[in-house]
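Written below as structure tokens is the structure these notes are about.
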Amino acid sequence: MPVIHTHVSTALSQEQREHLKTAYGKAITAVPGKSEGWLMCPFEDNMPIYFGGDDSTPAAYVEVNVFGRTVPKSSWEQLTVAIMEALSTELGISKNRTYIRYTATTDWGWNGSNF
């Protein structure tokens, strides 16, 4: 049950969302036991994002949440590379204007109950 929630300061077209979703679907396999089959990808665009006190250049904040106790650091590192590359390629958002937050939790609800 992974979620990759993307907040960007730029507009997103349907095509760009599709490309990002596809890239994220491939990238999430870096986390043991995770696949695109359970991946949720909410997108929020046109958000005012100040980075270093400046909002004149596109920026992104991405939250990655997975169900589980621990995730190998190498998995997070692989996701960072893939997510930042996708944002740079699709939206022109510089890697140095992107933050990614990772969380693994055993508190996860779905289908009317918790795992």
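Taking first residues from the range 77-90 that are over 11 Å from Y24 (Cβ atoms) and partners that are of a type in the set (V, I, T) and surrounded by 15 or more Cβ atoms within 10 Å (Cβ to Cβ), the Cβ contacts under 6 Å between residues at least 6 apart in sequence or on separate chains come to T80/I100; M84/T98.
When the test is whether a residue is touching a residue at least 12 places away in the same chain (Cβ under 8 Å) and touching a Phe, Trp or Tyr at 6+ places or on another chain (Cβ under 7 Å), F115 passes it. Of the residues making up the range 77-115, those that are open to solvent by less than 40 Å² (accessible area, probe 1.4 Å) and touching a helix residue (DSSP H, G or I) at 6+ places or on another chain (Cβ under 8 Å) are L79, A82, I83, M84, A86, L87, L91, I93, T98, I100.
Taking the residues in the range 3-54 that are part of a loop (DSSP other than H, G, I, E, B), free of Cβ contacts under 8 Å to residues at least 40 places away in the same chain and in contact with a helix residue (DSSP H, G or I) (Cβ under 8 Å, 6 or more places away or on another chain) as candidates, determine which candidate is most open to solvent (accessible area, probe 1.4 Å).
The extreme case among them is S35.
The values are calculated or read from the model by the stated rules, or taken from the named source; none is laboratory data. No experiment lies behind these values; they were computed from the predicted model shown. Ideal geometry is used to build each Cβ from the backbone, glycine not excepted, and the neighbour counts take in all protein chains shown. Note: accessible area is taken over every heavy atom of the protein model, side chains too, but ligands, DNA and RNA are not part of it. Shrake-Rupley method; radii C 1.70, N 1.55, O 1.52, S 1.80 Å.
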